[in-house]
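As structure tokens, the structure follows; a few thoughts come after it.
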Amino acid sequence: MTHHDPPGIIAPHIPADTYRRAQATGQPVVIVVNTTDPTGLPWRRILVPLAIAGAAALGGWGLVVALCALLDAAAHTVTVIAGAAGPIGFGGITLRLARGKHL
């Protein structure tokens, strides 16, 4: 009798005598695997979309804060330039861009 190993990844799970008997007689081999079904919530399915939504929200707030900082710097720059330039006149119309220290 020649020696044949069971095919595939189920080889360690079938006893050799059972496999040889099934091979000789043509009977099917039934393998019963006991598993436990997970109960409760699948946390990975819930946490991944929540993490993506949180990252998007934080990114949006980061853009808002960056825009506010940019506008604040621009407003300060315009104030400094207007204070240094003094009144601007064109065609007889004078426009004061900033108030002086004494009114």
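The values are calculated or read from the model by the stated rules, or taken from the named source; none is laboratory data. Bear in mind that the values here come from a model prediction, so they are computed numbers and not experimental data. Cβ: placed from backbone, ideal geometry, glycine included. Neighbour counts: every protein chain shown. Side chains are part of the model used for accessible areas, which takes the heavy atoms of the whole protein and leaves out ligands, DNA and RNA. Shrake-Rupley method; radii C 1.70, N 1.55, O 1.52, S 1.80 Å.
Tabulated data for the structure shown
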quantity: Where residue 5 falls short, out of the listed (1) assigned to a helix (DSSP H, G or I); (2) charged (D, E, K, R); (3) at pLDDT below 85; calculated: (1)
quantity: Counted residues, the range 54-65 - those being of a type in the set (A, V, I, L, M) and open to solvent by less than 60 Å² (accessible area, probe 1.4 Å); calculated: 1
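This table checks each residue for (1) out of contact with any Leu (no Cβ under 6 Å at 6 or more places or on another chain); (2) open to solvent by 60 Å² or more (accessible area, probe 1.4 Å); (3) of a type in the set (Val, Ile, Thr); (4) modelled with pLDDT of 70 or more.
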| site | (1), (2), (3), (4) |
| --- | --- |
| 67 | yes, yes, no, yes |
| 77 | yes, yes, yes, yes |
| 94 | yes, yes, yes, yes |
| 101 | yes, yes, no, no |
